[in-house]
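Q: So that we are looking at the same thing, I have put the structure below in structure tokens.
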Amino acid sequence: MTWSPPDKYIWDFWFARRGSELHLFFLQASRRECGDDPERRHDLASVGHAVWTSRGWKEIGPHPALRRAEGRAWDNTSIWTGSIIRNSATGLYTMLYTSRCAEDAPVWTPRGKFRPQHIGAAVSPDVISWRRTATSRRRPVIPNPGKQSGWDGVNWRDPYLVRGRDGLFYAFISTRRADAPPDSGGAIVYLTSPDLERWSAAPRVLIASTEFYQMEVPQVFTAPMGDHRRLCLLFSAQAEDCAAGRRQRLPQNQCRTGTYYLVSSPIGRPANGFPPLEEPARLLAPGWYGGKIVKMGGRAVFFGFRWEDARGRFVGGLSDPLPVRFDAQGSIHVLEEV
């Protein structure tokens, strides 16, 4: 089953916790404004909000949690995928989000010309009411570094926030190498911050894949697998994002649209930096996109949105929570058939 309000399209999503409450934030677009054409949703996206209850998800509204800026602003096109974390030093929740500027000149990529993506920030005392930070009202807090940086000048989106044991905040970002072959180059990089306002200038590479054109909506975490913990990366890709080399090496059922994952070898103690993630990536949930693993009721569960139906039409929505198992050999399993 999927949760999907009938008047809107819903796709990429992320979570926040307030005490014992689990809050859901998601990209949404009105079906009426889209003219029932789901491809139009990308330029009409705002951020919706719901909270988990004993009866399932309950929307909080009626207004979006965050929408595009008006007038001439760096984020005046639409709002794309974000991530939320609480800063215990200030008591505020910070949401990093993706957007574009309608006045920016498009930049060439192997799949056409697109406007550069940038990352901004909004804060909230209660996860209910959000306002852009003073910096984000003027400019992106993590701007696209451009083609001169070695990345493709367009893909710079889907931040995922975590707090490290070193006390720093980490923002993992989906991007693509500028010098990659036209069917690959997808990468996840990260920047660090002491306070969610000042971010390191030069991104470091978590993974630069030869297998995928893009690695969307990442989630980075460690998980116990047997007697050790391993670093895990979830990301999503479409079938067309699989590079020719992956198609030649792996069965066709490992080159489908859905949520994929990578894991590291067991993490030693003490850990020093991020251990390398071991390719090839494995397909965790075919057909379910934007997948995230979160704890509910003391157990790990998977959520995703349905990419398309049997006729190839976009579906969206949000799956029921599906139980997850981590095994000692470094594999992740969704326990119910997806």
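Q: Is one or more of the residues making up region 128-140 touching a Phe, Trp or Tyr at 6+ places or on another chain (Cβ under 7 Å), aliphatic (A, V, I, L, M) and free of Cβ contacts under 8 Å to residues at least 60 places away in the same chain?
A: Checked against the condition, which is being touching a Phe, Trp or Tyr at 6+ places or on another chain (Cβ under 7 Å), aliphatic (A, V, I, L, M) and free of Cβ contacts under 8 Å to residues at least 60 places away in the same chain, region 128-140 yields no hits at all.
Q: Here are Arg86, Arg67, Arg100: which of them is within 21 Å of the chain's Cα centre (by Cα) and over 25 Å from Leu22 (Cβ atoms)?
A: Criteria check complete, one pass: Arg100.
Q: May I ask you to list the residues in region 193-208 that are at pLDDT 95 or above and either part of a loop (DSSP other than H, G, I, E, B) or surrounded by fewer than 16 Cβ atoms within 10 Å (Cβ to Cβ) (or both)?
A: Residues satisfying the conditions are Pro194, Asp195, Leu196, Glu197, Arg198, Trp199, Ser200, Pro203, Arg204, Val205.
Q: Further question on the same structure: If you take the residues of region 6-35 that are hydroxyl-bearing (Ser, Thr, Tyr) and in a strand (DSSP E or B), which of them is farthest from Trp288 (Cα to Cα)?
A: Within region 6-35, the match that is farthest from Trp288 (Cα to Cα) is Ser30.
Q: Every residue in region 281-338 that is assigned to a strand (DSSP E or B), farther than 21 Å from Ser83 by Cα and touching a helix residue (DSSP H, G or I) at 6+ places or on another chain (Cβ under 8 Å), please.
A: The answer is Arg282, Leu283, Pro286, Phe314.
Q: In addition: For Pro266, work out the one condition from (1) over 22 Å from Tyr160 (Cα atoms); (2) in contact with a Pro (Cβ under 7 Å, 6 or more places away or on another chain); (3) in a loop (DSSP other than H, G, I, E, B) it doesn't fulfil.
A: Evaluating Pro266 over (1) over 22 Å from Tyr160 (Cα atoms); (2) in contact with a Pro (Cβ under 7 Å, 6 or more places away or on another chain); (3) in a loop (DSSP other than H, G, I, E, B) leaves (2) as the failure.
A quick yes/no check of all residues on (1) small (Gly, Ala, Ser); (2) over 19 Å from the mean Cα position of the chain (by Cα); (3) at positive phi:
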{"position": "Ser136", "(1), (2), (3)": "yes, yes, no"}
{"position": "Lys147", "(1), (2), (3)": "no, yes, no"}
{"position": "Gly150", "(1), (2), (3)": "yes, yes, yes"}
{"position": "Asp158", "(1), (2), (3)": "no, no, yes"}
{"position": "Leu161", "(1), (2), (3)": "no, no, no"}
{"position": "Gly164", "(1), (2), (3)": "yes, no, no"}
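Q: Could you grab me the full set of residues in region 214-229 that are crowded, with 22+ Cβ neighbours inside 10 Å and either farther than 17 Å from Asp158 by Cα or touching a Lys or Arg at 6+ places or on another chain (Cβ under 7 Å) (or both)?
A: Within region 214-229, Gln214, Gln219 meet the criteria.
Q: A further question on this structure: Find the strands (runs of 3 or more DSSP E) located wholly in region 46-117 whose residues include 2 or more that are buried (at least 20 other Cβ atoms within 10 Å of the Cβ), in contact with a strand residue (DSSP E or B) (Cβ under 6 Å, 6 or more places away or on another chain) and at pLDDT 95 or above, and list them.
A: Because the criterion is at least 2 residues that are buried (at least 20 other Cβ atoms within 10 Å of the Cβ), in contact with a strand residue (DSSP E or B) (Cβ under 6 Å, 6 or more places away or on another chain) and at pLDDT 95 or above, the strands (runs of 3 or more DSSP E) in region 46-117 that meet it are 46-53, 79-87, 92-99.
Q: I'm trying to understand the selection: among the residues of region 162-176, which are basic (Lys, Arg), surrounded by 11 or more Cβ atoms within 10 Å (Cβ to Cβ) and farther than 17 Å from Ala121 by Cα?
A: Matches in region 162-176: Arg176 only.
The values are calculated or read from the model by the stated rules, or taken from the named source; none is laboratory data. Because the structure is a prediction, the values reported are computed rather than measured. Every residue, glycine among them, receives a Cβ derived from its backbone with ideal geometry; neighbour counts consider all protein chains shown.
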